Amino acid sequence: MQETKFAVSVHLMTALAYNSGKLMSSEELSKSLCTNPSFVRKLVVSLSNAGLVHSHRGKSGGVQLSKLPAEISLSDIYSAISERNIIELPQKEPYLGCPVSKSMGFIMEAVSNRMETSIVNSLSQINLSEILKQIN
C-alpha cells in the first residue's frame, strides 16, 4: 500500500499557510484534505512535536503554523511524519548457506539509506512558500 501521509501533510501545511493568521480546526482541515478529522489530528500531533505547528485546544482552538512558510522545508514535513525509510526491508534471518542471502540485508539497507538521504536532500530545497505560490 502506498503511503499518503506525506502528501496529505504537505496539503495540510499549505492550507495553514494559505489561511495564515487564522486558527483552523481539524474539521475545517479535514474538508480541504477530504479525510476524517481524527486522521488530521494524528498528523497535527506529529507536526506539532516537530515544532512546525501550534495546536490550541478548546472550542475556539485550532491549528496554525509555528514558523513562516519560507522557513519550513518539505524535508521538515517529511521528517516530522515519516516512520520508516522508503524501502521496507524484510525482517527474516538470512539463509546462511547462501552468500547472496547473507549479504542482501546489508546491501539493501545501504541502498535504502542512500535513497532516503537523496529524498531528504531534494525536499530540503523546496519550502512551503514555494508550494503556496502555486495555489490559484
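The values are calculated or read from the model by the stated rules, or taken from the named source; none is laboratory data. Source: prediction; values computed, not measured. All Cβ positions, even for glycine, are placed from backbone atoms using ideal geometry, and neighbour counts span all protein chains on display. We work out accessible area using only protein heavy atoms, side chains counted, and drop any ligands, DNA or RNA first. Shrake-Rupley method; radii C 1.70, N 1.55, O 1.52, S 1.80 Å.
Before moving on, here are some points about what is shown:
- Residues in segment 1-22 that are surrounded by fewer than 16 Cβ atoms within 10 Å (Cβ to Cβ) and either assigned to a loop (DSSP other than H, G, I, E, B) or not small (Gly, Ala, Ser) (or both): MET1, GLN2, GLU3, THR4, TYR18, SER20, GLY21, LYS22.
- Of the residues making up segment 99-118, just one is open to solvent by less than 50 Å² (accessible area, probe 1.4 Å) and either touching a helix residue (DSSP H, G or I) at 6+ places or on another chain (Cβ under 9 Å) or among the acidic types (Asp, Glu) (or both), namely GLU116.
- Output for segment 65-92, where each listed residue is modelled with pLDDT of 95 or more and either more than 15 Å from ILE119 (Cβ to Cβ) or in contact with a strand residue (DSSP E or B) (Cβ under 6 Å, 6 or more places away or on another chain) (or both): LEU65, SER66, LYS67, LEU68, PRO69, ALA70, GLU71, ILE72, SER73
- Hey, SER79 surrounded by 13 or more Cβ atoms within 10 Å (Cβ to Cβ), touching a residue at least 40 places away in the same chain (Cβ under 8 Å), closer than 24 Å to SER124 by Cα and of a type in the set (Gly, Ala, Ser) or not: yes
- Of all residues making up segment 23-39, the number that are outside any loop (DSSP other than H, G, I, E, B) and either within 17 Å of LYS59 (Cα to Cα) or in contact (Cβ under 8 Å) with a residue 60 or more places away in the chain (or both): 8
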